[in-house]
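All remarks here apply to the structure that follows.
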Amino acid sequence: MSRAARAADGRAGRRPGEHGQVLVIFVLALVALMAAAGLAIDIGRFYSERRFLQNAADAAALAAANTLIAGKTSDAARTEALAVIARNFQIPPNGITPSLPPPSGSEVYQAGQAGSPSALIDGILIDSSGVRVAVRNTVPYTFGRAAGFTSQQIYARARVSFRGNLLPIAVRNFVKAPGSNTGTAPCTDNQTKFMDFFSTANTACVGTDTNATNRVQPNAGAAFSSANPDNDRTNHGPVIEILGQGAQPGNGADFRGFVALDVRNYLNSTSQLYYNDVPSGVTSSVLKDLAARWIYTGGYPGPALVPVTSPPDSRDQIGLLFGNSTGAAVTAVTDRFQVGDTILVLVYSGLTQSIPDFTMNSPSAMTLPTTGTTNNVGNFKIGRNQSFSGQVALSTVGDAGDPQNPLTNGTLTGATPLTYSPNPVTPAQGQGTSVGITNAVTVGATTGIYTLWLKGQAGSPYLTTKYFPMAVQVGSVQKDFTFTAPNGSEALAPTLGSSATFTLNLKAATNGNNAFNTAGINLSVEAYPEGTMPAGIGSVSFSNATPLAGQTGQGTTVTLTIGAGSLPEGQYPLVVRATGVNADGYKVTHLLPITLSVVTGSSNSNTSYVDVTGYGVMRLASFTSNTIYAYAISPVITDPNDSRLRLGQVARLVAWN
């Protein structure tokens with residue numbers, strides 16, 4: 001077939017109208033493509049508008065917050081926010097100038113949520129927690145109109161909160177308190193006599209620590225003068241040392257104003273709570289750098305302290321750093337701040353505190369007959385730290401969870417089943433004071449090994465109670481086991497609702513694994529002596545709740561897991577009970593005190609602290625290589641959320657909800 005014939009044959013094979021269909025499809029595809037391109041252009045315009053509005057909202061919220069921080073009113077802050085928005089609205093990206101937010105009381109909220117701050121869509125809200133700004137604008141479609149779209153409303157919202165900017169600096173409230181009530185205004189700065197550093201400089205010497213009738217509370221007053229920082233004594237406080245040399249407390253302790261905000265709670269020597277990533281038992285050389293970082297990084301991030309109470313709440317007791325650590329804080333302040341800057345500090349009375357603590361060790365295992373009198377039962381020692389000057393009263397507490405315990409069932413007789421001599425005891429520093437245990441009378445006690453609690457209690461300056469388990473062997477019992485927590489008796493549940501894990505070890509004293517019958521040793525967890533189980537504690541489980549006590553090697557290891565449940569952060573003393581019947585048929589019970597720490601940990605590492613009596617705003621006056629000087633521009637304020645502390649705070653953008 002010729003080429004012409006084949007061509008003619010091909011043309012003859014097409015259906016009528018095929019050319020027209022291809023053209024229609026092409027046109028429709030082109031229209032869809034152009035519509036998509038047009039919508040993309042419109043969406044780009046909307047994104048541009050959104051960014052434009054967001055910039056305005058952010059700037060306005062920050063401006064309003066900083067106006068409040070400067071000590072001005074909410075009305076002034078709103079005026080400043082509106083002015084900033086107006087300036088930002090001058091060059092709209094789409095040529096459509098948005099309306100300014102409505103006046104106070106006419107804010108616009110999402111439908112059905114009027115009055116809910118998080119539902120604000122147009123307006124400015126100012127309250128004690130911060131500032132919220134919401135703006136909007138309507139932008140018409142350009143190409144989208146071809147697809148039936150007319151306009152799109154664009155929203156932007158910004159929220160600023162007041163962050164504490166609290167520095168790890170504790171400033172003396174008074175020197176030479178209580179004062180003689182003989183000072184007269186105008187005062188001169190004389191720290192050898194009574195002064196209140198959080199009154200105006202001209203009235204700081206007047207009255208006493210409990211009588212401030214004629215003293216005047218300080219305020220920001222005149223603008224700072226670097227040439228003469230002490231230029232407005234009628235308004236600001238006296239210029240004083242707040243950090244470094246000269247900032248020592250009235251009791252002569254080795255402290256110069258530098259505190260560890262992450263180490264709190266000095267109710268007793270083992271109650272310290274540790275926050276953020278500060279480890280339990282941290283050394284001072286490490287702690288000083290961890291504490292100084294909050295100066296460099298913009299203030300302490302929390303958790304916040306609680307409002308101050310009297311007597312002091314243990315949560316407002318802050319660990320202090322000794323004088324040779326203060327250089328790290330002085331360097332941090334001079335690196336971050338300039339003279340004239342305002343800062344937020346802790347305030348304390350002017351006297352540091354140290355836990356008056358005593359130490360006591362439980363005696364070795366005591367042996368009593370089933371019936372008879374034991375004149376010399378055992379002995380132990382009680383010591384003290386240098387700040388303890390009281391006495392310790394000693395007594396014996398039975399094991400309420402064991403009905404066969406001789407003190408519980410009355411077979412260890414007498415109103416005072418064990419006599420301690422001396423009692424009360426005045427502990428000696430260093431090696432301690434020896435205490436003898438005498439005059440134990442048993443009548444028909446059951447043979448076995450039991451646990452009694454040695455209770456030591458000091459009533460001054462506040463009630464401190466300690467318990468130590470004492471093993472008591474009644475009759476002739478040869479087969480025993482040891483019960484320990486080799487990795488420590490404290491375990492941490494790192495977050496609320498999480499779990500803590502303890503490692504327990506049981507080891508037979510004699511006769512191998514068969515020293516106790518094949519039922520093994522029963523393990524359980526119970527309340528601390530004379531206490532109750534913490535309400536809300538979670539589940540308790542053992543990897544093996546009835547282990548045998550291994551004799552060889554490392555003994556038998558058991559893992560105890562305790563859930564924090566709904567417990568709040570804190571420390572919870574508990575007891576693990578281990579009870580078994582040995583191969584001779586005698587019951588053996590040992591009790592092991594443990595501590596469940598939720599979120600925080602504890603340590604005996606430091607017993608010196610300050611009781612926080614309030615918060616204050618100060619203006620930095622001058623620096624030297626060893627000392628930071630400042631003066632107060634606020635009174636002592638007990639509530640850390642008080643708006644008067646804004647002068648020392650910073651404004652930061654935070655999430656809307």
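The values are calculated or read from the model by the stated rules, or taken from the named source; none is laboratory data. Keep in mind it's a predicted model, so treat the numbers as computed, not measured. Backbone-built Cβ (ideal geometry, glycine too); neighbour counts: all protein chains shown. The protein model used for the area step is the full one, side chains on, heavy atoms only, and it has no ligands, DNA or RNA in it. Shrake-Rupley method; radii C 1.70, N 1.55, O 1.52, S 1.80 Å.
Please label the shape of segment 271-320 as rounded, prolate or oblate, based on the square roots a ≥ b ≥ c of the eigenvalues of the alpha-carbon gyration tensor (a/c under 1.5 means rounded; beyond that, a/b larger than b/c means prolate, else oblate). Oblate shape, in that a/c is at least 1.5 and b/c is the bigger or equal ratio.
The slack in the chain from Thr638 to Gln457, taken as 0.36 nm per residue of separation less the alpha-carbon distance, amounts to 61.9 nm. The C-alpha atoms of the chain define a longest principal axis, and helix 284-296 lies at about 30 degrees to it.
Phi-derived couplings, Karplus 6.51 cos²θ - 1.76 cosθ + 1.60 at θ = phi - 60°, listed residue by residue for segment 649-657: 9, 10, 9, 9, 5, 10, 4, 4, 10 Hz, with x used for Gly and Pro.
For segment 269-308 versus segment 183-253, the spacing of their alpha-carbon centroids is 29 Å.
Karplus-derived 3J(HN,Hα) values for segment 520-529, using 6.51 cos²θ - 1.76 cosθ + 1.60 with θ = phi - 60°, are x, 10, 8, 10, 7, 10, 9, 6, 5, x Hz; glycine and proline are entered as x.
Applying a 10 Å radius around every beta-carbon, put 607-613, 278-284 in order of their mean neighbour count, most first. Could the numbers behind the result be given before it?
Values: 607-613: 22.4, 278-284: 16.0.
In descending order of packing, they fall as 607-613, 278-284.
The modelled label-to-label distance between Thr331 and Asn55, using points 7 Å beyond Cα along the C-beta direction, is 4.1 nm. Amide H to amide H distances under 5 Å link Gly183 with Gly207, where only residues 5 or more positions off or on other chains count and H is placed in the peptide plane.
With every protein chain present, what accessible area does Ile154 have (1.4 Å probe, heavy atoms only), rounded to the nearest 10 Å²? Accessible surface of Ile154 is approximately 20 Å².
For the chain, what % of the accessible area comes from carbon and sulfur atoms, probe 1.4 Å?
Numbers: 15480 of 29820 Å².
Accessible surface attributable to carbon and sulfur in the chain totals 52 percent.
Computed 3J(HN,Hα) for segment 562-569, one whole-Hz value per residue from the Karplus formula 6.51 cos²θ - 1.76 cosθ + 1.60 where θ = phi - 60°, is 10, x, 6, x, 9, 5, x, 4, glycine and proline marked x.
Taking every DSSP helix (H) stretch of at least 4 residues in the chain, weighting each as -39,500 (n - 2.57) and dividing the sum by the residue count yields a mean residue ellipticity at 222 nm of -5500 deg cm²/dmol. Which aspartates and glutamates does Lys455 reach when only Cα atoms under 20 Å apart count, and residues fewer than 8 places away in its own chain are ignored? Those aspartates and glutamates meeting the cut-off are Asp357, Asp399, Asp402, Glu526, Glu530. Amide H to amide H distances under 5 Å link Tyr109 with Ile121, where only residues 5 or more positions off or on other chains count and H is placed in the peptide plane. So how tilted is helix 3-13 from the main axis of the chain? Cα-based, degrees 0 to 90, rounded to 10. With both axes taken from Cα atoms, the answer is about 70 degrees. For the pair segment 371-417 and segment 523-580, the centres of their Cα atoms are 24 angstrom apart.
Rounded to the nearest 10 degrees, the inclination of helix 74-88 to the longest alpha-carbon principal axis of the chain is 40 degrees. When you count the other C-beta atoms within 10 angstrom of each residue and take the mean per peptide, 54-67, 348-361, 192-205, 402-415 line up highest first as 192-205, 54-67, 348-361, 402-415. Matching the structure-derived Cα extents along the principal axes in Å against the labelled list [x] 95, 89, 66; [y] 127, 102, 46; [z] 68, 58, 48 gives the label [y].
Starting from the Cα gyration tensor of segment 67-187, take the square roots of the eigenvalues, sort them a ≥ b ≥ c, and report rounded, prolate or oblate (rounded when a/c is under 1.5, otherwise prolate if a/b is larger than b/c, else oblate). Prolate.
In this structure the amide hydrogen of Val472, modeled in the peptide plane, comes within under 5 Å of the amide hydrogens of Met366, Tyr450, Thr451, Leu452, none closer than 5 places in sequence on its chain.
Computed over the chain, relative contact order equals 15 percent, with contacts defined as Cα pairs under 8 Å that lie 6+ residues apart. Maximal additional length on extending the Ile96-Ala76 stretch stands at 4.4 nm, based on 0.36 nm per residue less the C-alpha distance.
Sorting 470-483, 255-268, 110-123 by average packing, meaning the other beta carbons within 10 Å per residue, from highest down gives 255-268, 470-483, 110-123.
Estimated at the nearest 10 Å², the accessible area of Thr184 is 100 Å² with a 1.4 Å probe. If the segment from Ser226 to Leu653 were pulled out straight at 0.36 nm per residue, it would be longer than the present Cα-Cα gap by 150.6 nm.
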